[in-house]
Amino acid sequence: MNCISMEFAKFAQDLRFENLSDEVVLHTKKVILDLIGVTLAGYRMPFSQMVMDYMTRLGGKPEATIIRKRKKYPAIHAAFVNGVCAHALDMDDGHRYGAVHPASPILPAAIAAAELQGSSGKDLITATVAGFEVLLRISKAINPSHLLRGFHTTGTVGPFGAVVAAGKIMGLSQEEMVSAIGVAGLQGAGLLEILHDGAMVKPIHPGKASMTGLLAAIFARNGAKGPISIFEGEKGFLRAMADKIDHESLLKGLGEKFEILGTYFKLHAACRHTHPMIDAALDICKKNSLHPKDIKKIEIGTYPVAIQFCGNIVYPDTISAAKFSIPYSVAMAISFGDLFMDKFTEENIRDEEIKTLASKVKVFAQEEWAKAYPDRRGASVTIQTYSGQAYSSSIPLAKGEPENPATLEDLMEKFRTNANQVLSPQRSEKLRKNIMNLENLSVNDITRLF
């Protein structure tokens, strides 16, 4: 096998905006729109505020924009804070085969680098595609083994996507990019124990990954040499991080088919493993005009990984825990008719009526979905009513997956709902229009509206 980091570096250096199809450009703009929307709303979360308060008090050289601060700070600090805010809602995009959230580590680093360089919108789009390609190929190659060993892919692989995107914008040579990838790979970290205790600080993973990637690109540009064999070395990333590796996923077809098109968008502000059962429950309730008071029992059959991540908490005591509870997320979705981030409040996780509905939810592993995972991450839901009726719905893939795509209007509505929490409707609309016209603008035309 060729040196993997060299192949990734060559790919990134050779990629041009003109190489990208209209489909890839549009999808990338959707990714940017989605991520900036959830970052704006994530700014309000307690851990985001904690991180932001500390990092802005440090001050420093004005280089890049921290969300909602209307001034510039050191670029690595902007990447870190914005990366934390981007994941704070757990509503950022993902990839089911890579088991990763790619945009939250990549885009804050890329945008900060673009502010350093005074880059165009085309530069940002191209760099984003390059970063996604590298991050998703690595993530696919090491999962599900990596995940099952307890690693959070967004934190561990995120630096690779961030460094390639940032390095592309900064114009690193192929040799410099190889070193930057090596430096980034030394710093990736993220453990899934955070799902069981301390979930509030989970966004530190993409925040640090984003900062790490940008820092690695800066160091490499200044002459730092990272390990060339960061991936395939005897003590390299692949052997250290996974028991089983799909080597073919790393380089086959590189530059021919863009992995960014395989990402999904989240329409509920909870862990992705809760989404198929939320979709199914909402489908049943909408079609049959059911209300919480009508419901006697809710039975949910799904794949074991969903239960492992989200099936054990019925009565969450924090907002973060509620996002990882199938029973409570389903109960909230039925109660409100949607599960946007504004539903995750301290009041709602203490609500006795929602708790009562959550207690009626029974979750179990279903062989059909166990066999289908990860090609299908589905759920079957049956709702029994006090009047003796039973209604069922099965969802093989939650809405937002490439095979069950969110519409452009779905994403626009999500963006407005999130962005309007911190921006005026007029400013939010201007930002939305600028992002969707990004190839004709500069990156400054979006960051000035943060």
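Read-outs: derived from the displayed coordinates by stated rules, not from any lab. As the structure is a computational prediction, the values presented were derived from the model and not from experiment. Methodologically, a virtual Cβ is constructed for each residue, glycine included, from the backbone with ideal geometry; neighbour enumeration extends over all protein chains shown.
Here the range 272-395 is assigned +1 on the Cβ of each Lys and Arg and -1 on the Cβ of each Asp and Glu. Its dipole about the Cα centre then comes out at about 260 debye.
As a calculated quantity, the FRET efficiency between Asn312 and Lys430 at R0 = 30 Å, using C-beta atoms, amounts to about 0.10. Ranking Met50, Pro292, Phe265 by how far each Cα lies toward the positive end of the dipole of the chain (charges on Cβ) leaves Met50 at the top. Charged side chains reduced to their Cβ positions (Lys and Arg at +1, Asp and Glu at -1) give the range 241-297 a dipole of some 500 debye around its Cα centre. Assuming charge only on the beta carbon of Lys and Arg (+1) and of Asp and Glu (-1), the dipole of the range 106-169 about its Cα centre is about 240 debye to the nearest 20. Taking every DSSP helix (H) stretch of at least 4 residues in the chain, weighting each as -39,500 (n - 2.57) and dividing the sum by the residue count yields a mean residue ellipticity at 222 nm of -15500 deg cm²/dmol. When peptides 25-36, 236-247, 104-115, 7-18 are sorted by average Cβ neighbour count within 10 Å, with the highest value leading, the order is 104-115, 25-36, 7-18, 236-247. Projecting the Cα positions of Gly98, Val31, Phe8 onto the charge dipole of the chain (unit charges on Cβ atoms of Lys, Arg, Asp and Glu, taken about the Cα centre) puts Val31 furthest along the positive direction. Kirkwood radius, the chain, all distinct C-alpha pairs, inverse of mean reciprocal distance: 21.9 Å.
Taking chymotrypsin sites (Phe, Trp or Tyr not before Pro) across the range 345-405, the ones in a DSSP loop with at most 15 further Cβ atoms lying within 10 angstrom of their Cβ are Tyr386. Per-residue Cβ neighbour counts within 10 Å put Glu299, Glu234, Glu413 in the sequence Glu234, Glu413, Glu299, beginning with the fewest.
In this structure, the residue pairs whose Cα-Cα separation is over 28 Å, taken from Lys122/Lys202; Lys266/Lys355; Lys29/Lys202; Lys71/Lys140; Lys286/Lys323, are Lys122/Lys202; Lys71/Lys140.
Straightening the chain between Asp283 and Glu63 buys 74.5 nm, computed as 0.36 nm per residue apart minus the Cα-Cα spacing. Taking the fewest neighbouring Cβ atoms within 10 Å as the starting point, the ordered list for His291, His275, His101 is His291, His275, His101. On the beta carbon distance between Ser392 and Lys371, with R0 = 22 Å, the FRET formula returns roughly 0.70. Compute the helix-to-body angle for 275-288: its Cα long axis versus the longest principal axis of the chain, expressed 0 to 90° and rounded to tens. Long axis of 275-288 versus the principal axis of the chain: about 40 degrees.
Inter-part distance, the range 392-412 to the range 223-301, computed on C-alpha centroids, equals 14 Å.
Note on the range 1-51 and the range 63-107: Cα centroid distance 10 Å, given to the nearest whole angstrom.
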